[in-house]
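Visitor: Got a structure here, written out as structure tokens. Questions coming.
Every number here is computed from the coordinates shown, using simple stated rules; none is lab data. Quantities reported herein were computed from a predicted structural model and do not represent experimental measurements. Cβ coordinates were reconstructed from backbone atoms using ideal geometry, including for glycine residues, and neighbour counts include every protein chain displayed.
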Amino acid sequence: MNRRLLVLAWHNIEPTWGFPGATAAAGRQGFAHQLRLLRRWTNVLPLDTALADLTAGRPLPPRAVALTFDDGYLDNATVAAPMLRHAGLPATFFLVPEFLGGKSRPWWEELGWALAHATAPELHWQGVRYDTSTTSGRHRALDAIAPQLKVANSAIRKAAVDELTGLLAPEGPLVSSDFMDWDDAHALLRAGFDIGSHTCSHPILSRERAETQRRELIDSRQGLQTELGCPVDTVAFPNGRAEDYSQTTLELVREAGYAYALTTRTALVDPDVPPHEIGRLVITPETNVRTLMLEAARTLKRRAVARRISGD
């Protein structure tokens with residue numbers, strides 16, 4: 001009897017300013033290959049159904065997997081969703097209402113755009129010099145700076161992105177990576193996919209005051225339910241590492257009425273996992289899913305042997 005679930009998480013399929021990759025074609029081909037492997041070797045379940053079965057003690061099929069997508073990149077609707085439908089696989093999309101309504105922009109994409117279009121040949125920021133005269137140098141700068149901004153609160157991060165943009169002096173229109181709008185979200189629902197909350201504006205919750213966290217969690221859920229006319233009982237924490245949410249966050253998630261909350265802490269989900277700290281494995285279209293599945297199988301085998309030795 002299987003009582004474990006592997007939850008996978010993607011962001012974008014094609015390269016973006018914030019997530020530079022090889023080519024759009026490579027992203028699509030890699031994702032298509034992943035879906036073929038998942039369809040052949042695993043049992044892909046709707047996320048909410050799988051979590052409800054685990055919570056109730058009902059067994060899951062062998063090699064149970066659930067698929068999720070964060071942030072609401074447009075290629076989730078235009079590329080991933082059609083491929084998923086063709087493969088007959090369910091998925092849950094965690095969306096940000098302020099991105100859907102165009103009220104705010106993802107800071108990491110703004111930073112990536114500013115670096116990609118920088119006219120300044122170098123950047124001096126926080127006592128460090130970054131070479132911005134080459135594509136590889138700009139990518140290294142993005143890899144170094146973005147993690148620093150992730151640990152800041154929203155106000156500090158916005159000020160930093162504005163400062164960096166001024167120092168980089170980018171040229172050209174701000175053409176950030178496209179994100180879904182409300183029509184795209186409705187189309188996902190009509191296609192049979194599930195929708196979850198990813199907060200209202202994508203702050204790192206543990207860096208914000210309790211009242212800000214409460215508003216982000218409640219308003220996101222209510223906004224999605226009102227606009228889309230569907231229940232929204234699951235939230236995915238932005239960034240989702242252990243340090244990105246707190247005990248206060250978990251209490252506020254329960255108060256907001258979410259049945260489940262998802263992190264990006266790598267772990268297989270079993271009945272003992274707290275419902276508001278569900279682990280996921282974040283991957284990209286370039287991730288080798290076959291290797292991933294083999295490693296998960298080896299992990300389960302090691303745990304089974306350990307239980308037999310301990311007599312559990």
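Visitor: Could you state, as a whole-number percent, how many of the C-alpha pairs of the stretch 107-168 are farther apart than 19 Å?
Guide: Looking at the stretch 107-168, the distances longer than 19 Å represent 18 percent of pairs.
Visitor: Here's a follow-up. Which angle between 0 and 90 degrees, to the nearest 10, do you get for helix 47-56 versus the longest principal axis of the chain when only C-alpha atoms count?
Guide: 40 degrees
Visitor: If Lys and Arg each add +1 and Asp and Glu each add -1, what is the summed charge of the other residues whose beta carbon sits under 13 Å from the beta carbon of residue 33?
Guide: Charge balance near residue 33 sits at +4.
Visitor: Exposed loop sites here are GluC sites (Glu not before Pro) in DSSP loop states with at most 16 other C-beta atoms within 10 Å. What is the longest stretch of the chain lacking them?
Guide: Answer from the scan: 1-170.
Visitor: May I ask you to sort 237, 193 by Cβ crowding, counting other Cβ atoms within 10 Å and putting the fewest first?
Guide: Ordered by Cβ neighbours within 10 Å, fewest first: 193, 237.
Visitor: Also, quick follow-up: Please state the shape class of the stretch 201-252: rounded when a/c is under 1.5, otherwise prolate if a/b exceeds b/c and oblate if not, all from the C-alpha gyration tensor.
Guide: Judged from the Cα gyration tensor, the stretch 201-252 comes out prolate (a/c at least 1.5, a/b above b/c).
Visitor: Moving on to the next point. If you build a Gaussian network model of the chain, linking Cα atoms that sit under 10 Å apart, which residue out of 201, 136, 246 swings the most?
Guide: Maximum among the listed residues: 136.
Visitor: Taking neighbour Cβ counts within 10 Å as the exposure measure, how do 132, 165 sort from fewest upward?
Guide: 165, 132
Visitor: If you line up the long axis of helix 154-168 against the longest principal axis of the chain, both from Cα atoms, how many degrees apart are they, to the nearest 10?
Guide: The helix 154-168 is inclined about 40 degrees to the chain.
Visitor: Moving on. Would the stretch 140-230 count as rounded, prolate or oblate if I go by the C-alpha gyration tensor, calling it rounded below 1.5 in a/c and otherwise prolate when a/b exceeds b/c, oblate otherwise?
Guide: Cα axes put the stretch 140-230 in the oblate bin.
Visitor: Please compute the volume of the convex hull spanned by the alpha-carbon atoms of the stretch 4-125 and report it per residue in Å³.
Guide: 149 Å³
Visitor: What percent antiparallel are the DSSP beta bridges of the stretch 44-161, to the nearest 5?
Guide: About 50 percent, rounded to the nearest 5.
Visitor: Hey, another quick one. Select one label from (1) 62, 43, 40; (2) 69, 61, 37; (3) 160, 41, 23: the one whose number is Cα extents along the principal axes in Å as derived from the coordinates shown.
Guide: Recomputing Cα extents along the principal axes in Å here picks out (1).
Visitor: Which of 199, 42, 234 ends up with the largest GNM mean-square fluctuation for the chain, with Cα atoms connected below 10 Å?
Guide: It is 42.
Visitor: Of the candidates 112, 127, 30, which one comes out as most mobile in a Gaussian network treatment of the chain with C-alpha springs shorter than 10 Å?
Guide: In the Gaussian network model the winner is 127.
Visitor: Counting only DSSP beta bridges with both residues in the chain, tell me the antiparallel percent, nearest 5.
Guide: Of those bridges, close to 25 percent are antiparallel.
Visitor: Counting other beta carbons within 10 Å of each Cβ, put 270, 219, 143, 71 in order, fewest first.
Guide: 143, 270, 219, 71
Visitor: Another question, then. May I ask for the angle, rounded to the nearest 10°, between helix 24-41 and the longest principal axis of the chain, with both axes built from Cα atoms and the value confined to 0 to 90°?
Guide: 10 degrees
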